[in-house]
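Please read the structure below before turning to the comments.
The values are calculated or read from the model by the stated rules, or taken from the named source; none is laboratory data. Please read all numbers here as calculations on a predicted model, not as lab measurements. Don't worry about glycine lacking a Cβ; one is built from the backbone with ideal geometry, like all the others, and counts go over all protein chains shown.
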Amino acid sequence: MDIGEVIQQSGIPASTLRYYEEKQLIRSYGRRGLRRQFDSSVLTQLALISLGQQAGFRLEQIATWLHSDNPGLQRELCLQQSQLLDQKIKELQAVRNALQHAAHCPATRHIECRQFQKLMRIALHRKRKAHTGAATV
């Protein structure tokens, strides 16, 4: 397949394909003129990359899966990531609920709304927690 076919079938732009190739996530096997040529298995690799990214995995992690003897997601990492996603979903639902309340709150200004004040405190706490956690990594 040439790069145009890969773009058409995957919906992934050429610049991203070149970036993935630079990061050794995918590999072209040659060129026809100036156009890179790929094995049809690149579509499976691109699907795995997309799934991994949507699940929140880093490209470095995804690269190890692609280059292992048994390509695919590692079960333990999948379980850990699904738990992180569950937590994120709960947090986002709480934020959504607070924003919906603030949108319908009878308070003249959002800053006067107790629910909105709680939302701001939670957001600040999470920001501080994320910053502290990132600094220790």
| said: Suppose we filter the range 29-47 for residues that are crowded, with 18+ Cβ neighbours inside 10 Å and at pLDDT 90 or above; how many remain? | reply: 4
| message | Quick test for you: out of LEU77, LEU84, LEU66, pick the one residue that is of a type outside the set (Gly, Ala, Ser), surrounded by 10 or more Cβ atoms within 10 Å (Cβ to Cβ) and closer than 18 Å to LYS23 by Cβ. | response | LEU66
| field | Close pairs from the range 87-108: first on the phi < 0 side of the Ramachandran plot, partner β-branched (Val, Ile, Thr) and surrounded by 10 or more Cβ atoms within 10 Å (Cβ to Cβ), Cβ under 9 Å, at least 6 apart | value | GLU91/ILE122; ALA94/ILE122; VAL95/ILE122; ALA98/ILE122
| Can HIS125 be described as surrounded by 10 or more Cβ atoms within 10 Å (Cβ to Cβ), modelled with pLDDT under 80 and either farther than 22 Å from LEU25 by Cβ or not assigned by TED's automatic domain parsing to the domain that holds GLU21 (or both)? | no
| remark: (1) charged (D, E, K, R); (2) modelled with pLDDT under 90; (3) not assigned by TED's automatic domain parsing to the domain that holds ALA123 all hold for GLU22 apart from (2)
| request: Find the helices (runs of 4 or more DSSP H) located wholly in the range 1-113 whose residues include 1 or more that are under 30 Å from HIS125 (Cβ atoms) and over 20 Å from the mean Cα position of the chain (by Cα), and list them. | output: 75-104
